[in-house]
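K.L.:
This is the structure I want to talk about, given as structure tokens.
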Number of protein chains: 2
Amino acid sequence: MESGMNDAIDRDLSRDVANALCDAEETLAVAESCTGGLIGAEITAVPGASDYFDSGLTTYAYDAKRRHLGVSREALDEHGAVSEPVARQMARGIRDVTDVTWGVSTTGIAGPAGGTAANPVGTVYIGVSYGGPWGSEESYATVSRYVFDGDRAAVRAQTVEQALTDLLAEIDSR
Amino acid sequence: MESGMNDAIDRDLSRDVANALCDAEETLAVAESCTGGLIGAEITAVPGASDYFDSGLTTYAYDAKRRHLGVSREALDEHGAVSEPVARQMARGIRDVTDVTWGVSTTGIAGPAGGTAANPVGTVYIGVSYGGPWGSEESYATVSRYVFDGDRAAVRAQTVEQALTDLLAEIDSR
């Protein structure tokens, strides 16, 4: 299994997400890239997660982001897979292909290779989406950029923690 | 993060899978239920996984198995989500919606609730699929049933390890 860092923090966050979604009678699906499935794994580590967790699409390959989530070729070609537009389209896309209230997306460079001057290793974009069908006034998506320190496992663990934190903040703000 | 049990074993298995797929120039996608994304997370813990890992679809909700993987309502209604037919359809389905060589599926009861006399807590079906487009003579899917001991985290960790072991055995047998 993945590095055990932040054990207590992550598990508490998953339970907080569970409580927040159950209280609001809302649901969640996730679109992961650099985290590879870790967010879904953390969410479903809590018994009873099927009450609010629909699905997780880990679109690791370039084409998988287009195929499963409808990310546009333009966004991928012009901005790269690790970019604000792609994180936003992933967050919107996961809600387009499910019927959930909340979507979360991650795309980043966990390392050790793949870093650039503009996007060093540890750069991650996290998206959170909410709402009814896309186009309705209630729908929105927010994207934040982070640069995490540490090795591949550390970057991924911090991304999971930050994604759950960002989701909780959005739920709490409503 | 998930329980740290079997740390070394799992990471070695992920590296073995990486080596086997790279040697054969083959690719992988996974369809997870009870493991919630852990298999994808383990696969992508290895740097360079994008060379052979396309995507992982964690279909946790009943409807998600139909929507994302094309699992039939008949199989779900007649046999239940934790069954040989559903594991087989998930393993086939993940290859239908990608263009990979190998598919892996998991569906089981991680507990603590959900067990029945026929399928006690710890029951997991693991599927492995291989081949060209479905209908071609080269295509097949195998499904095995396991009953693992321990708590939710232990059942999930053993499922990850067994799924990677089953995949490796199928790759080696070709």
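K.L.:
Which condition number does residue A:152 fail, the rest of (1) over 26 Å from residue B:69 (Cβ atoms); (2) touching a His at 6+ places or on another chain (Cβ under 6 Å); (3) within 14 Å of chain B (Cβ to nearest Cβ) being met?
P.N.:
Among (1) over 26 Å from residue B:69 (Cβ atoms); (2) touching a His at 6+ places or on another chain (Cβ under 6 Å); (3) within 14 Å of chain B (Cβ to nearest Cβ), residue A:152 violates only (2).
K.L.:
Moving to a separate point now. For the stretch B:131-150, does any single residue satisfy the condition of being over 17 Å from residue B:27 (Cβ atoms), open to solvent by less than 50 Å² (accessible area, probe 1.4 Å) and assigned to a loop (DSSP other than H, G, I, E, B)?
P.N.:
yes
K.L.:
Among the listed residues A:62, A:52, which satisfies the condition of being touching a Leu at 6+ places or on another chain (Cβ under 7 Å), open to solvent by 20 Å² or more (accessible area, probe 1.4 Å), within 10 Å of chain B (Cβ to nearest Cβ) and not basic (Lys, Arg)?
P.N.:
A:62 is the lone residue from the list that is touching a Leu at 6+ places or on another chain (Cβ under 7 Å), open to solvent by 20 Å² or more (accessible area, probe 1.4 Å), within 10 Å of chain B (Cβ to nearest Cβ) and not basic (Lys, Arg).
K.L.:
Sort through A:135, A:70 and tell me the only one that's modelled with pLDDT of 95 or more and either at positive phi or more than 7 Å from every other protein chain (Cβ to nearest Cβ) (or both).
P.N.:
It is A:70.
K.L.:
A follow-up question, please. Go through the stretch A:73-108 and count every residue that is within 22 Å of residue A:147 (Cβ to Cβ), open to solvent by 20 Å² or more (accessible area, probe 1.4 Å) and either within 14 Å of chain B (Cβ to nearest Cβ) or more than 17 Å from the chain's Cα centre (by Cα) (or both).
P.N.:
Total meeting the criteria: 5.
K.L.:
Follow-up. Select from the stretch B:109-123 the residues that are open to solvent by 40 Å² or more (accessible area, probe 1.4 Å) and either assigned to a helix (DSSP H, G or I) or more than 14 Å from chain A (Cβ to nearest Cβ) (or both) and list them in ascending order.
P.N.:
Of everything in the stretch B:109-123, those that are open to solvent by 40 Å² or more (accessible area, probe 1.4 Å) and either assigned to a helix (DSSP H, G or I) or more than 14 Å from chain A (Cβ to nearest Cβ) (or both) turn out to be B:116, B:117, B:118, B:120.
K.L.:
When you go through B:32, B:2, B:42 one by one, which is the residue that is crowded, with 24+ Cβ neighbours inside 10 Å and at pLDDT below 95?
P.N.:
One residue alone meets the criteria, B:2.
K.L.:
Say whether the condition of being within 30 Å of residue B:151 (Cβ to Cβ), more than 9 Å from chain A (Cβ to nearest Cβ) and in contact (Cβ under 8 Å) with a residue 60 or more places away in the chain is met by at least one residue in the stretch B:20-28.
P.N.:
The answer is yes, given that some residue of the stretch B:20-28 is within 30 Å of residue B:151 (Cβ to Cβ), more than 9 Å from chain A (Cβ to nearest Cβ) and in contact (Cβ under 8 Å) with a residue 60 or more places away in the chain.
The values are calculated or read from the model by the stated rules, or taken from the named source; none is laboratory data. Everything numeric here is computed off the predicted structure, so don't read it as measured data. When we count neighbours, we look across all protein chains shown, and the Cβ atoms used for this are built from the backbone with ideal geometry, even at glycine. Accessible surface areas use protein heavy atoms only, side chains included; no ligands, DNA or RNA. Shrake-Rupley method; radii C 1.70, N 1.55, O 1.52, S 1.80 Å.
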